[in-house]
Structure formats: C-alpha cells, structure tokens
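Asks: Here it is, the structure, as structure tokens.
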Amino acid sequence: MNIIEIKNLHKSYGLEKVLKGIDLLITKGEIVSIIGQSGSGKSTLLRCINFLEQPSSGEILFEGKNHFTNHANLQKLRTKITMVFQSFNLFENLSVLDNLTLAPKKVLKKTKVETNKKALETLALVNMQDFANKYPKQLSGGQKQRVAIARALMMNPEVILFDEPTSALDPEMVGEVLETIKDLAKTKITMIIVTHEMSFAKEVSDRVIFMNEGVVHEQGKPMEIFTNPKEKRTIEFLSRFNK
Amino acid sequence: MKIFLGKAVLFIAAFLIIVNAFPKSIIESQELNYPQNPEIQEAIENIKFYSDFNFQTMNQDRLNRTITDFYLPIKYENIEISYLIVSEYLEVSQDSQIISLRTGDIEVKKVTLIKSPSILRGNHAFTINATFSVGDESFLYHYYGYVNPIIPDSFLGGSLYTLVTYGTMFFQGALLTLLLALSGTIIGFFLALVVATAKMIQSDEFESTLKKLMKKTMNRAASLYITVFRGTPMIVQASFFWYGFGLFGNPLLCGLFVVSINTAAYIAEIIRGSIQAIDKGQTEAGYSVGLTYSQTMLFIIFPQAIKNSIPAIGNEFVINIKDTAVLSVIGIFELFNQTKKITGMHYRQLEAYAIVALIYLVLTLSTTNFLSFIERRMGMQPKELTSSS
C-alpha cells in the first residue's frame, strides 16, 4: 500500500528550477534513503512532502488524499509526517521535556500527565531520559539530535522525514545518532532519510534513491545501487565515496 | 581609586537629596487667639517691617526669607509696640532710631543679623515676640520667620546651597522622571507587541480575500504608526496632543501617553528585528510538529525574541529617562522642569543645571548597571566564541 504518492512534482525558486518532475511512490513501513550531490534537490523534495516548501506544480498525496487544501488538513498531515532537521531546531526557550510535550498538548489536546509519561518513555527510547529538565543549549549536538528524534516520535507519526540528520555533527557523535535511527528502523515506521552517510544508507534502507539535477536519476535496492550502479552519473558520484 | 572617589561623590549627592526630601516641620504662623481690642487687631494685621535694603517694605511673609538686617516700627497709630527676639542669629537694638521713608519718618528698632546660618544647616526658624500696648491694655503676639543662609558666590558653595535648599524639589522631579520613564517603557513594550504583531502578520494561501485584505491593512497601519512616531520629535507629539486636544485633561496622563506611544514605535522595531533574527528553523520545527502560525509565534518565537530584545528595551528605558525632559513643554514638573523652576527662584543657573546633569547621570548610570546585572543573571552576556561555534 502506498502511503505517499508524488506525481510530477516541480519546484522552482524564481527562475531557478530545483525539482524538475519527480514521480515517487513510497509504501507503508518502507525505509527510503535519498542520496546525491549538494544542490540536487534532495532536501527540497523532503520539505515538499510536509509542505514546508510549497510545490510549484504537481501533486503529493498522503494516504491517497491531497492535504494541502486548508489549515486543518495541513495541520493533520504534519502530525502524521514529522521531521528531523539537519540543525536539530530544538525550541531553544523550552526544556527537553517541554520540547517533546508542547505539540501533543497544543495540537493533539492531550493532558499534561499523559504527555509527560509518554515523553519520558520516548526519551528512554533514544537514551536521553536523564536530560528531561535540561535546556537545548546544555546539550551536545548528538544529544540534541536524539531529542529531536524523540520530539518527532511524540506525535505517533506514520512517516518521519530525516533531513541530513548527521551532517551538522562532530564525527564522534554521528555514531550515536545513526544507532538511534537504526533502532527506530526495526519498529517498521516509514522513514525517508536524506543522507551523505553511504554505509548507513546501505545498511538501513529498503530502497536507495539517487537524485541528480532535480530528477530521480536511479533507484533500487541498496545492494544494486552501491555495488552495481547502472547510470554513469551514479557511478561517478559513488566512486568518490569509495576512494 | 578614581572610580571609588567618583562613586563616593555620587553617593553623597544622592544622600543629600534624599535627606532633604523630607521637609522640615513648618511652624504654624497663624495665631489662634486674637485680641478683643479691634485697634490692636488692626495693628497686628497691618504692621509693616522694613528691610535694610533701601528700607523696602517687608510683608510679614517676607520674614520667611530673611537675609539682611531689618527694622521694626515701635508705634502703630497710638499703639506702642515692644519686641523681644530669642535667637542666636538675630538681635534687637536697645535704642530706637529714625528712618526716612517716602511717606515720612518713623521710629524703629533695628534687628541686626549677627550671622548667617551655614548652608548645610539650612533655614533657621525664629520668633518675634511683639507686645502691643494701648492704655493699660497689652497683648502678646508672635511673628514667625526664617533666617536664610546667604548663597555663596563660589560655584561649589552655590551648588551645595542649591542642593541643600532645593533638594526636595530635585528629588520630587527625579522621582517623577523615573516614574514616567519606567511606566512609559512598560506600557510602550506591551503596545509594541501589538504593533510588531500587526506589522509582521502574514496571510497564507488558504485564507479568504477579505482576511488577506484585513491583514494587509494591519501591516500598512502598523508601518504608518511606526513611521509617524519615529519620524516626529516627541516635543511636537507632546504639544500636539496636549495643546491640540488636551488629551485626558491632565498633562501628566497626556505626557505618559506620549512617552508610551513614542516608545512603542521604537520597541516594535526592536522586537521585529529580534523576531527576524531568530533562526527560521525554529518556525519550521514548530510547523513540522503541527503547530499553527499563531501557536508557533506565541510559544516559540515571541519568548525568544522578547528575551533577546531585553537589552535593547533597557536602552529605551535609559533613553526615556533623558527624553522625558521634553515633557516640560506641557507643564509636567519632572526633573528638568523642576530645575527650571529652581533657577527662577534663586537665579543660579550654572549650579542648578550642573546639579541636574549630575542627577541625570546618576539615574542613567545606576539604571544601566542595574540592567546589566539583570542581563547577567539571565545569562545574556555575550558568550565567548568557541572553536566549534
């Protein structure tokens, strides 16, 4: 069953065309990695899925329906598809616990007791339960990103979008975040991950998508893409990582 | 050492102002029991004293500002008057003498000013016990007055005299200035939140044309407000609202209104800047978990923007302490206007304005120090840059 259907998606900023007709189907429970050069439109594609960017043309369907019709639908969509950002974007003015509970309280109208209990459970999942009362600026990059993942999980989403989750981290901290995402992958939640960590993509994904100049250039099983790429551009790109 | 001396001088100045803020008890100058004899009654009321300076006539209330010798008439029509003053500053002569006035010669007793009170002690109260006698009837009446210190010619002496004598007025002015600046800044801040919101509110693609138009109008109105109130001097705004409309029927309220709306225009821009300086990721993170525009603003953006703009808002407060001086044009007796009033009373402009400059400096310096203390407590001092940031 397709949870997300992207049909002929175009996005341009003024005259600059970033996405030039993307067609993509993502099935429920699938883990998809998107790789490609900087500027190839990976992040833009991801941000179009939860409408942080408005598509210029084309259609994005979630569970067979277009949600970009009014505030209520858009809000509903965003509680079902949450996002983890490259620069964490934790709410700087709130404690770790409040970062997690704000949206469930305000959007899902859950009680404080309920959300606090769930927040502590979710923090335990990402191994951050001891930091509930700390503020974002007291945490390291890896810890921030794990909290951000917990925040994305708090809404019980159907899909989580990861926008280069380890690109802003020190090399030492990349591991802890990737471990967390791998743990999450076992729960069979749908995940779309934009990443530059090739070995991680190879290990964790069901499907790898190589994007080049605003189009899906090649896609397939990770083994196929990484060991036996067909397109010339894909070979070029991957050869740089295998050096 | 220099800093310590400076602080000591400021401290002493503040101390003198505060000590003098509490007025000395004023002796009742009204006598309760009046004589039965109407002639004596008339004499008590109409008797005139004469100053040593050109024999100018002194009304009885002029005794409150005695700085020279003066003369007491020993007769009023057919009533004889004798005087007794018990004071270390004044002495009544034994013998009477004749002085020539335009209206004729009269017989008087001279009161000699033995010494002037020190400017630090201030005014010295004295009582004239005057006995009015006609035939075998006599009546004792008290006149009260003050011997005033003489203003020294030197700058330092003059300043000290001004500070001691008019300390209360300076203090009241400073209090009003602080009050106006503080409440003006606080009211202005809340107004500014409204103005900044109105200026920044954006419509999105789902809204009706009417709603979009309303939001556009709000943007325009807020911009116009900011342009007008930042682009015209506060002295003009104050005159416009007070002399033009007599707003609130009270210059003080009108002045507070002007300070508030003026400050609001500036703080609105400060807050707008702070909002724009906040990482776009914060808004996106809000949206990404389903928060609406207003929820994101209310719970995420405004708290951060306001915290970041506290130093700038503190600056507005310091600026207001100085700028409320222009409210003197609409007759508010804040610090500057009080000073003008004082110079009108003793004509020592240099000393009075030097003192008021010092008071303004003390106010702004202590406010600045207090604000930076608060900022430190809130952890808002600029952090050291580390290699990873």
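The values are calculated or read from the model by the stated rules, or taken from the named source; none is laboratory data. Model, not experiment: these values are computed from the prediction. Positions of Cβ are backbone-derived with ideal geometry, glycine not excepted, and every protein chain shown enters the neighbour counts. To get the accessible areas, we keep the full protein, side chains included, count just its heavy atoms, and leave off ligands, DNA and RNA. Shrake-Rupley method; radii C 1.70, N 1.55, O 1.52, S 1.80 Å.
Asks: Once Rh for the range A:1-115 is found with the Kirkwood sum over Cα pairs, what is the Stokes-Einstein diffusion coefficient at 20 °C and 1.002 mPa s, in µm²/s?
Replies: Here the translational diffusion coefficient equals 134 µm²/s.
Asks: Using just the alpha carbons, could you tell me how many Å³ per residue the convex hull of the range B:121-252 encloses?
Replies: Cα-based convex hull of the range B:121-252, divided per residue, equals 238 Å³.
Asks: Right, something else. Please give the direction-averaged projected area of the C-alpha convex hull for the range B:33-110, in square nanometres with one decimal.
Replies: On the way: hull surface 23.6 nm².
Computing the convex hull of the Cα atoms and averaging its projections yields 5.9 nm².
Asks: Give me the mean projected area, in nm² to one decimal, of the convex hull enclosing the Cα positions of the range B:242-389.
Replies: 13.4 nm²
Asks: Moving on. Rounded, prolate or oblate: pick one for chain A, where a ≥ b ≥ c are the square roots of the eigenvalues of its C-alpha gyration tensor, a/c under 1.5 means rounded, and failing that, prolate if a/b is larger than b/c, else oblate.
Replies: Since a/c reaches 1.5 but b/c is at least a/b, the shape of chain A is classed as oblate.
Asks: Let me ask you something else. Does the protein assembly as shown come out rounded, prolate or oblate by the C-alpha gyration tensor, with a ≥ b ≥ c the root eigenvalues, rounded set by a/c under 1.5 and, if not, prolate when a/b is larger than b/c and oblate if not?
Replies: Note, shape of the protein assembly as shown comes out prolate.
Asks: Let me ask something additional. May I ask for the Rg/Rh ratio of the range B:212-310, computed from Cα atoms with Rh as the Kirkwood radius, given to two decimals?
Replies: For the range B:212-310, the value is 1.11.
Asks: Here's something else I'd like to know. Output needed for the range B:275-322: three equivalent-ellipsoid semi-axes, defined as square roots of 5 times the C-alpha gyration tensor eigenvalues, in descending order, whole Å.
Replies: In descending order, the three semi-axes are 29, 9, 6 Å.
Asks: Taking the Cα atoms only, what angle lies between the long axis of helix B:349-377 and the longest principal axis of chain B, rounded to 10 degrees?
Replies: Orientation of helix B:349-377: about 40 degrees from the principal axis.
Asks: Any idea which of B:ILE40, A:PRO104, A:ASN156 is furthest toward the positive side of the dipole for the protein assembly as shown, if Lys and Arg beta-carbons carry +1 and Asp and Glu beta-carbons -1?
Replies: A:ASN156
Asks: Leaving out same-chain residues fewer than 8 places away, which lysines sit with a Cα under 25 Å from that of B:LYS199?
Replies: Cα-Cα hits under 25 Å: B:LYS211, B:LYS212, B:LYS215, B:LYS216, B:LYS280, B:LYS307.
Asks: While we're looking at this one, here's another question. Projecting each Cα onto the charge dipole of the range A:87-243 (Lys/Arg +1, Asp/Glu -1 at the beta carbon, about the Cα centre), which of A:VAL215, A:GLY142, A:PHE226 comes out farthest on the positive side?
Replies: Positive-most Cα among the choices belongs to A:GLY142.
Asks: Then there is this: Please give the calculated 222 nm ellipticity per residue for chain B, where each DSSP H segment of at least 4 residues contributes -39500 (n - 2.57) and the sum is spread over every residue; nearest 500 deg cm²/dmol? Could the numbers behind the result be given before it?
Replies: Numbers: 11 runs with 211 residues, N = 389.
My calculation for chain B gives -18500 deg cm²/dmol from helical runs alone.
Asks: Taking a ≥ b ≥ c as the square roots of the Cα gyration tensor eigenvalues, with a/c under 1.5 meaning rounded and otherwise prolate when a/b beats b/c, else oblate, which class fits chain B?
Replies: It is prolate, given that a/c is not under 1.5 and a/b is the larger ratio.
Asks: Suppose every K and R has +1 on its Cβ and every D and E has -1 on its Cβ; what is the size of the dipole of chain B about the Cα centre, in Debye to the nearest 20?
Replies: Details: 29 positive and 30 negative charges, 484 e Å.
Here chain B has a charge dipole of around 2320 debye.
Asks: Provide the per residue accessible area, probe 1.4 Å, for the protein assembly as shown, rounded to a whole number of square angstrom.
Replies: Accessible area per residue: 51 Å².
Asks: Simple spin-label model, 7 Å along Cα-to-Cβ: A:VAL215 to B:LYS216 in nm?
Replies: Reported label-point gap for A:VAL215 and B:LYS216 is 4.0 nm.
Asks: What number do you get for the range A:66-151 when its Cα radius of gyration is normalised by 2.2 N^0.38 Å, N = residues?
Replies: Compactness ratio reported: 1.12.
Asks: Summarise the accessible area of the protein assembly as shown (1.4 Å probe, protein heavy atoms) by the percent that is carbon and sulfur.
Replies: Exposed carbon and sulfur together represent 58 percent of the surface.
Asks: To the nearest hundred square angstrom, how large is the accessible surface buried between B and A, total for both chains, probe 1.4 angstrom?
Replies: The buried area between B and A, both sides summed, comes to about 2100 Å².
Asks: If you build the Cα gyration tensor of the range A:118-242 and take the root of 5 times each eigenvalue, what three semi-axes come out, in whole angstrom, biggest first? Display every interim value, and only then the final one.
Replies: On the way: eigenvalues 187, 48, 27 Å².
Output for the range A:118-242: semi-axes of 31, 16, 12 Å.
Asks: Further, regarding this structure: Rounded to the nearest whole Å³, what is the per residue volume of the convex hull around the Cα atoms of the range B:52-168? Before the final figure, lay out the partial values.
Replies: Working: hull volume 13.9 nm³, N = 117.
Enclosed volume per residue, from the Cα hull, is 119 Å³.
Asks: Using the Cα centre of the range A:1-83 as origin and beta-carbon charges of +1 (Lys, Arg) and -1 (Asp, Glu), tell me which of A:GLN75, A:ASN50, A:GLN37 is placed farthest towards the positive end of the dipole.
Replies: A:GLN75
Asks: Further, regarding this structure: With all pairs of different alpha carbon atoms counted, what Kirkwood hydrodynamic radius in Å does the range A:180-243 show?
Replies: Here the Kirkwood hydrodynamic radius works out to 12.5 Å.
Asks: Something else now. Taking a 1.4 Å probe, which of B:SER93, B:SER154 shows the most accessible area, and what order do the others take after it?
Replies: Descending order: B:SER154, B:SER93.
Asks: Further, regarding this structure: Under 22 Å Cα to Cα from A:LYS109, which lysines show up? Leave out anything in the same chain fewer than 8 places away.
Replies: Hits, sequence-local ones excluded: A:LYS76, A:LYS80, A:LYS117, A:LYS118.
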